[in-house]
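Here the structure is laid out as structure tokens; the discussion comes afterwards.
The values are calculated or read from the model by the stated rules, or taken from the named source; none is laboratory data. The structure displayed is predicted, hence computed values, not measured ones. Every residue, glycine as well, gets a Cβ built from its backbone with ideal geometry; the counts of neighbours run over all protein chains shown. Only protein heavy atoms, including side chains, enter the accessible area calculation; ligands, DNA and RNA are left aside. Shrake-Rupley method; radii C 1.70, N 1.55, O 1.52, S 1.80 Å.
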Amino acid sequence: MRTTLAPKLRITAAALGCTTRKDLCARFHAVNPATGFDLDRSHKWMQGKAAPRSSRVYDDWALVLGTTRSGAWIAS
């Protein structure tokens, strides 16, 4: 999963028109103020050095995208 996470995040950012990681973080915080998606973690995730430990991040990601698919679908 780690190998596909970084490109997925970059595609998500581009699709949402986010020009910085801060913009992308703001999108996640807009759908869930308590999200585990923060600037420091996103930096590692977008470099492919780590992956979210909490499945809730993927659920938040689905909300950010506005899809009816589950967070598990995004993770896979």
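Odds and ends about this structure:
- Output for the range 17-30, where each listed residue is open to solvent by less than 70 Å² (accessible area, probe 1.4 Å) and aliphatic (A, V, I, L, M): L24, A26
- Residue in the range 65-76 that is open to solvent by 80 Å² or more (accessible area, probe 1.4 Å) and within 11 Å of the chain's Cα centre (by Cα) present: no
- Counting only residues that are within 14 Å of R21 (Cβ to Cβ) and touching a Pro at 6+ places or on another chain (Cβ under 8 Å), the range 42-70 holds 1 of them.
- Among residues of the range 8-31 that are among the small types (G, A, S), those with a beta-carbon under 7 Å from a residue that is open to solvent by less than 80 Å² (accessible area, probe 1.4 Å) and assigned to a helix (DSSP H, G or I) at least six positions away or on a different chain give the pairs A13/L24.
- Restricting the range 31-58 to residues that are over 21 Å from S76 (Cα atoms) and open to solvent by 80 Å² or more (accessible area, probe 1.4 Å), the residue that is modelled with the lowest pLDDT is D40.
- The lone criterion from (1) open to solvent by 20 Å² or more (accessible area, probe 1.4 Å); (2) in contact with a Ser or Thr (Cβ under 7 Å, 6 or more places away or on another chain) left unmet by T4 is number (2).
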